Amino acid sequence: MIMLDKSLLVGQGLHRDVYQHPENPGLCLKVRVDRDRVNRGDQEEQREQAYYRLLAKRGVPWEGIPKFHGNVETNLGSAAVFDLIRDADGEVSKTLEYYFGQITITEAHQAELIFELNQLKSYLLRHNIITMSLKPKNIVFQRLEDDQWRCVIIDNIGNSDWLPLMTYVPLFGRIKIRRKWQDFERRLKRMYPMNDAVLRMLKFI
Ligand SMILES: Nc1ncnc2c1ncn2[C@@H]1O[C@H](COP(=O)(O)OP(=O)(O)OP(=O)(O)O)[C@@H](O)[C@H]1O
Ligand SMILES: [Mg+2]
């Protein structure tokens with residue numbers, strides 16, 4: 001059994017605590033937590049993992065989403081294991097919430113944000129990867145070597161619709177992906193009305 005403690009914590013969402021793997025700095029462990037009974041429950045986790053398995057079977061490259069490595073037991077309960085996205089300097093990559101949170105930070109990275117968001121969108125379309133709501137807190141902006149960057153979606157992958165047409169018919173998938181992307185743009189407009197750099201960026205993604 002893997003032993004986790006607070007010193008390994010690298011992120012927290014509404015539903016899960018995210019820990020660095022104690023023996024492998026390239027992996028993270030996601031443990032479900034009951035915060036005021038806001039919990040998506042088992043079903044949501046099953047759905048996410050089934051979708052990851054489907055993508056693995058299709059052989060999609062893991063450049064825009066972290067690879068899933070199955071489940072392990074920990075002292076805090078069962079955990080899902082994923083690649084931990086890190087910058088070239090070893091720091092855990094920060095989410096778009098960080099890069100959009102201050103206009104000076106957005107401006108400093110405007111060109112690469114525009115380029116990489118477009119790359120992410122074409123990656124989703126090319127490989128027919130369906131997402132649920134796209135949110136800035138669920139996308140990390142990874143700094144690679146030599147000032148290369150990349151957007152990686154770390155949460156909310158897959159399809160919750162009961163009719164899985166989008167998952168299996170590429171044309172429907174593309175329609176769904178485009179719609180989710182439009183929702184994402186609208187969400188950014190709502191979330192950052194004071195950040196002109198984000199608003200300007202939206203014209204180019
Ligand atoms: N693979 C990863 N690489 C780097 N950071 C990550 C990774 N997975 C999660 N994180 C960090 O941990 C935070 C919480 O993780 P995650 O979004 O999976 O939890 P959640 O509870 O499902 O989120 P939500 O509140 O959106 O439901 C993220 O916002 C991000 O900062
Ligand atoms: Mg999240």
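For the chain, what Kirkwood radius comes out of the mean inverse Cα-Cα distance, in Å?
17.9
At what distance in angstrom do the alpha carbon centres of region 132-167 and region 78-119 lie from each other?
11
Straight-line reach from K57: which lysines fall under 20 Å, measuring Cα to Cα and dropping same-chain residues less than 8 apart?
K67
Hey, can you find the accessible area per residue of region 6-83 for me, probe 1.4 Å, expressed in square angstrom?
54
Using just the helices of the chain, give the 222 nm mean residue ellipticity in deg cm²/dmol: DSSP H runs with n ≥ 4 each add -39,500 (n - 2.57), and the total is spread over all residues, rounded to 500.
Calculated at 222 nm, the ellipticity per residue is -12000 deg cm²/dmol.
Distance check, please: which entries in K121/K203; K30/K176; K180/K203; K30/K137 exceed 21 angstrom between their Cα atoms?
K30/K176
Tell me the carbon and sulfur percent of the accessible area for the chain, rounded to whole percent, probe radius 1.4 Å.
Summing carbon and sulfur atoms, their accessible area is 52 percent of the total for the chain.
The values are calculated or read from the model by the stated rules, or taken from the named source; none is laboratory data. Because the structure is predicted, anything quoted here is derived from the model rather than measured. Just the protein is used for accessible areas: all its heavy atoms, side chains included, with ligands, DNA and RNA removed. Shrake-Rupley method; radii C 1.70, N 1.55, O 1.52, S 1.80 Å.
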